[in-house]
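Every read-out reported here was derived from the displayed coordinates using simple, explicitly stated rules and does not represent laboratory data. Quantities reported herein were computed from a predicted structural model and do not represent experimental measurements. All Cβ positions, even for glycine, are placed from backbone atoms using ideal geometry, and neighbour counts span all protein chains on display.
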Ligand SMILES: Cc1cc2nc3c(=O)[nH]c(=O)nc-3n(C[C@H](O)[C@H](O)[C@H](O)COP(=O)(O)OP(=O)(O)OC[C@H]3O[C@@H](n4cnc5c(N)ncnc54)[C@H](O)[C@@H]3O)c2cc1C
């Protein structure tokens with residue numbers, strides 16, 4: 001009896017708040033505590049409350065056969081953000097076995113095409129990313145989009161190699177631009193001339209409101225307000241996610257007190273000595289409260305094995321709040337929040353960092369920084385959404401929107417692949433929204449926690465020998481934990497496939 005009353009009250013509350021949600025601005029909506037938002041979402045999405053013996057907020061929504069199969073019309077999916085997590089998600093979903101045209105994806109990306117270019121930093125390609133690229137991008141071999149990374153080495157101030165840890169042949173390095181080029185091409189192929197997918201630029205997601213069993217996404221495209229109704233909304237809009245901000249306004253992205261200076265220089269512009277040091281290697285130089293890392297990446301102008309190599313470098317520096325604010329003020333006086341894009345750093349700041357490099361770094365690192373025309377900046381931040389499935393799994397977060405981890409972990413793209421593969425299970429009814437959330441959260445938690453531990457080692461006031469001894473076991477230990485998560489997922493997918501589902 002008590003349970004019945006509770007359920008009834010929840011339904012009434014659900015309807016009342018639902019109409020409120022329709023009217024409310026994002027700011028009003030954010031006043032509803034998250035716990036209640038889940039209750040509301042569950043009670044609206046679910047025609048009858050399933051197991052009355054559970055507290056209502058814990059009631060699993062009926063799994064049926066996932067979002068995909070009960071549909072009598074194409075499943076409409078809107079993805080906020082058009083970067084890597086978005087394209088990975090779209091590629092996997094459009095590759096699912098399905099009756100033709102049963103999925104329709106619209107990607108809404110706020111940037112114009114001209115701004116969708118490398119931020120100049122490299123991206124590490126782990127075995128799980130290689131597997132994804134092979135599985136979903138026509139068996140594309142790694143040399144077509146990445147450069148090999150055979151080992152990790154540490155050099156001292158004199159440029160002498162002090163240690164070398166084998167990367168066990170597992171890792172490759174690429175750039176955002178290369179991955180974007182390949183994934184965007186694959187998305188366009190799978191889109192079937194716009195019949196199954198479209199990619200809109202200068203389309204800024206502003207709000208989402210649940211409406212019956214659909215979710216209405218409001219966005220502004222080239223200044224004009226528009227709306228789309230979707231069966232599934234995916235927030236792949238990065239570490240400062242708007243979708244996350246609407247659902248979990250209490251989650252913040254914050255600076256952790258250090259920033260990375262970054263740059264990229266054509267390998268042909270540096271001495272043969274420097275080229276030999278960087279060839280196929282990630283090269284670290286540790287110092288107390290500082291970390292320098294460089295490795296080669298392919299350029300972006302075509303398949304990686306057909307174009308030249310670039311050396312990309314990243315130098316981590318501790319900065320207090322005032323210094324950070326000054327650094328983030330660009331040459332036109334505009335203040336930026338977490339990064340300064342290429343071409344924006346004030347000349348005196350570029351000169352300062354080049355001079356500091358001249359005083360503190362080994363000769364080969366000095367040389368690549370000296371030869372870099374355009375230095376830019378990224379503040380290191382932490383952010384972690386405690387939840388990433390809402391409205392009974394009709395709104396989810398993936399990639400950096402779930403957890404923006406520190407670059408020392410080098411696993412942001414891995415997180416995007418993991419989240420997207422679990423989303424595919426959710427869409428097919430092979431996982432409940434709770435299972436999707438639990439699994440993706442446990443992956444993100446590893447990245448966030450290990451990112452902090454790695455950050456403490458890399459930026460601590462320790463001598464290089466200590467950093468050297470501590471960093472590699474921690475880094476490879478983290479990779480092993482992430483691999484175990486992928487192994488479990490692969491096993492599940494294999495078993496689903498052998499049952500004829502995937
Ligand atoms: C242009 C670009 C270049 C990058 N270059 C590098 C690099 O060189 N090296 C590196 O390590 N990492 C780079 N990153 C970050 C890297 O892509 C991510 O850390 C990682 O791949 C996970 O990506 P993500 O898709 O979850 O988030 P992100 O890559 O941050 O992408 C989020 C996307 O959502 C869009 N977006 C945000 N808010 C809205 C909104 N309200 N409506 C519509 N769209 C929205 C953003 O414009 C962005 O394209 C880059 C990101 C971008 C966007």
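What is the order of 457, 256, 375, fewest Cβ neighbours within 10 Å to most? Walk me through the numbers on the way to the answer.
Values: 457 19, 256 15, 375 24.
Ranked by crowding around the Cβ, least crowded first: 256, 457, 375.
Only counting other Cβ atoms within 10 Å, I'd like 338, 376 sorted with the fewest neighbours first. Could the numbers behind the result be given before it?
Details: 338 18, 376 21.
So the ranking, lowest neighbour count to highest, is 338, 376.
So if R0 is 51 Å, what FRET efficiency would residue 131 and residue 225 give, r being the distance between their Cβ atoms, rounded to the nearest 0.05?
Values: r = 41 Å, r/R0 = 0.81.
According to the calculation, E is roughly 0.80.
Starting from 0.36 nm per residue, how many nanometres of slack lie between residue 352 and residue 287 once their C-alpha separation is accounted for?
Numbers: separation 65, 0.36 × 65 = 23.40 nm, distance 1.84 nm.
Full extension of this stretch gives 21.6 nm more.
Any idea how far the Cα center of region 151-191 sits from the one of region 468-488, in Å?
Here the two parts' Cα centres lie 17 Å apart.
Under the 0.36 nm per residue contour assumption, what length would be gained going from the current alpha-carbon distance of residue 370 and residue 480 to full extension? Before the final figure, lay out each step's value.
Numbers: separation 110, 0.36 × 110 = 39.60 nm, distance 3.67 nm.
Going from the current span to full extension adds 35.9 nm.
What order do you get for 491, 189 when you list them from fewest to most C-beta neighbours inside 10 Å? Intermediate results must be reported in sequence, preceding the final value.
Values: 491 10, 189 13.
Least to most surrounded, the residues fall as 491, 189.
With a Förster radius of 56 Å, plug the Cβ-Cβ distance of residue 161 and residue 488 into 1/(1 + (r/R0)^6) and report the FRET value to the nearest 0.05.
Numbers: r = 37 Å, r/R0 = 0.67.
That gives a FRET efficiency of 0.90.
Out of the DSSP beta bridges found with both residues in region 104-214, what percent are antiparallel (nearest 5)? Walk me through the intermediate numbers first.
Details: 13 of 17 bridges.
Of those bridges, close to 75 percent are antiparallel.
Could you sort the peptides 245-253, 222-230, 364-372 by per-residue average Cβ neighbour count (10 Å cutoff), highest mean leading? Intermediate results must be reported in sequence, preceding the final value.
Numbers: 245-253: 17.7, 222-230: 12.7, 364-372: 20.8.
By packing density, highest mean first, the sequence is 364-372, 245-253, 222-230.
Taking a point 7 angstrom from the Cα of residue 252 along the C-beta vector, which residues in region 309-351 have backbone N less than 18 Å away?
320-325, 336-339
Using the beta-carbon distance between residue 305 and residue 114 and R0 = 41 Å, what value does 1/(1 + (r/R0)^6) give for FRET efficiency, to the nearest 0.05?
Values: r = 27 Å, r/R0 = 0.65.
Rounded to the nearest 0.05, the efficiency is 0.95.
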